[in-house]
């Protein structure tokens with residue numbers, strides 16, 4: 001095999017492949033990428049146990065062929081070469097040679113593996129893809145992914161619920177103590193109401209690749225989800241199990257409401273976090289007329305108190321909350337004003353943006 005291609009294009013594809021490949025796998029072939037020539041193009045594939053990826057980039061194909069090579073080292077070499085075009089060759093001994101096209105002063109070789117040993121990656125046979133704006137999809141990922149538990153034996157809660165109907169798409173995440181729900185209005189003709197559970201790794205890699213311009217194409221079946229961004233193609237296993245009935249968690253009656261400036265609220269909490277208990281993260285919020293007091297006490301360090309103005313005209317109340325849970329949601333909200341609603345200090349609290357019904361964040365209070 002002998003090809004010449006753009007360093008920039010190849011580096012971008014290998015960067016995505018590097019993200020897909022698991023650093024924890026013990027199977028050497030799954031640390032590799034597969035390089036295959038096509039008509040005036042080269043196809044790069046990466047494989048992980050639950051997530052596959054491939055992309056095609058334009059290339060001058062001098063000798064057709066294929067080879068599998070260690071992704072991390074190939075990517076590192078390509079990034080550091082000072083050139084615009086890369087020449088890659090492989091021989092009968094599976095030795096891969098990398099050099100700049102017009103610079104003979106740099107030359108690297110890597111031991112490759114016969115391409116036949118690389119697991120096959122099969123794209124979707126379906127043509128039933130639907131499209132969603134990249135910027136909207138990135139917003140949905142940002143507002144749900146942070147609440148997915150990192151280590152959860154219940155696979156169905158270690159992913160994001162993806163629901164679609166004819167007129168909307170919803171994404172939901174929960175760790176059992178809080179819940180995120182984001183809804184985007186989108187018309188999808190002749191689509192049945194369907195829900196799947198998507199692994200967070202796919203969403204992480206898709207979010208990293210998205211530029212915010214153009215659309216993403218998506219389709220899925222009972223086992224896999226397929227995501228296409230320009231010439232980048234992802235295939236992921238779905239998580240099995242039944243997602244918790246999240247509708248039951250959403251409170252129907254909350255007669256107390258405070259409206260706060262997001263920046264003031266966030267900065268006050270951020271300062272208070274210097275004094276809160278590192279394990280419990282507990283803070284106390286006291287609400288009285290047009291005033292919010294945020295307080296924490298640490299038996300070892302001392303205490304901290306912040307007072308900010310809010311719009312509030314109900315009974316005085318104190319609520320114990322996890323400061324990290326509030327900081328994380330405030331970090332993804334875009335509106336300058338946030339609404340905090342609750343029934344009492346023992347019931348669920350909701351946080352949402354003023355004048356934006358797309359997003360809802362529900363969290364449980366802590367005990368005093």
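In the range 65-95, of all residues being without any contact (Cβ under 8 Å) to a residue 60 or more places away in the chain and part of a strand (DSSP E or B), the one that is farthest from the chain's Cα centre (by Cα) corresponds to 95. Quick one: would you say residue 342 is touching a residue at least 60 places away in the same chain (Cβ under 8 Å), within 20 Å of residue 367 (Cβ to Cβ) and surrounded by 15 or more Cβ atoms within 10 Å (Cβ to Cβ)? Taking the combined requirement at face value, the residue satisfies it. A residue that is within 16 Å of residue 87 (Cβ to Cβ) and either crowded, with 20+ Cβ neighbours inside 10 Å or outside the structural domain of residue 201 (by TED's automatic domain parsing) (or both) occurs somewhere in the range 47-58.
Which is touching a residue at least 60 places away in the same chain (Cβ under 8 Å), in contact with a helix residue (DSSP H, G or I) (Cβ under 9 Å, 6 or more places away or on another chain), over 20 Å from residue 232 (Cα atoms) and not assigned by TED's automatic domain parsing to the domain that holds residue 18, of 170, 201, 142?
Numbers: 170 fails: touching a residue at least 60 places away in the same chain (Cβ under 8 Å); 201 fails: over 20 Å from residue 232 (Cα atoms).
Just a single option satisfies the conditions, and that option is 142.
Figure legend. Inter-residue proximity from the range 106-122: first residues over 12 Å from residue 33 (Cα atoms) and assigned by TED's automatic domain parsing to the domain that holds residue 67, second residues surrounded by fewer than 13 Cβ atoms within 10 Å (Cβ to Cβ) and at pLDDT below 95, beta-carbon distance below 9 Å, spacing 6+ or different chains. Indicated pairs: 106/82.
Considering the range 281-326, the qualifying strands (runs of 3 or more DSSP E), each wholly inside and each with 3 or more residues that are more than 15 Å from residue 268 (Cβ to Cβ) and at pLDDT 95 or above, run over 317-322. Where strands (runs of 3 or more DSSP E) fall wholly inside the range 129-188, the ranges with 3 or more residues that are touching a strand residue (DSSP E or B) at 6+ places or on another chain (Cβ under 6 Å) and buried (at least 21 other Cβ atoms within 10 Å of the Cβ) are 160-164, 168-174, 178-185.
The values are calculated or read from the model by the stated rules, or taken from the named source; none is laboratory data. Treat the numbers as computed from the prediction; the structure is a model and nothing was measured. We place every Cβ from the backbone using ideal geometry, glycine too, and count neighbours over all the protein chains shown.
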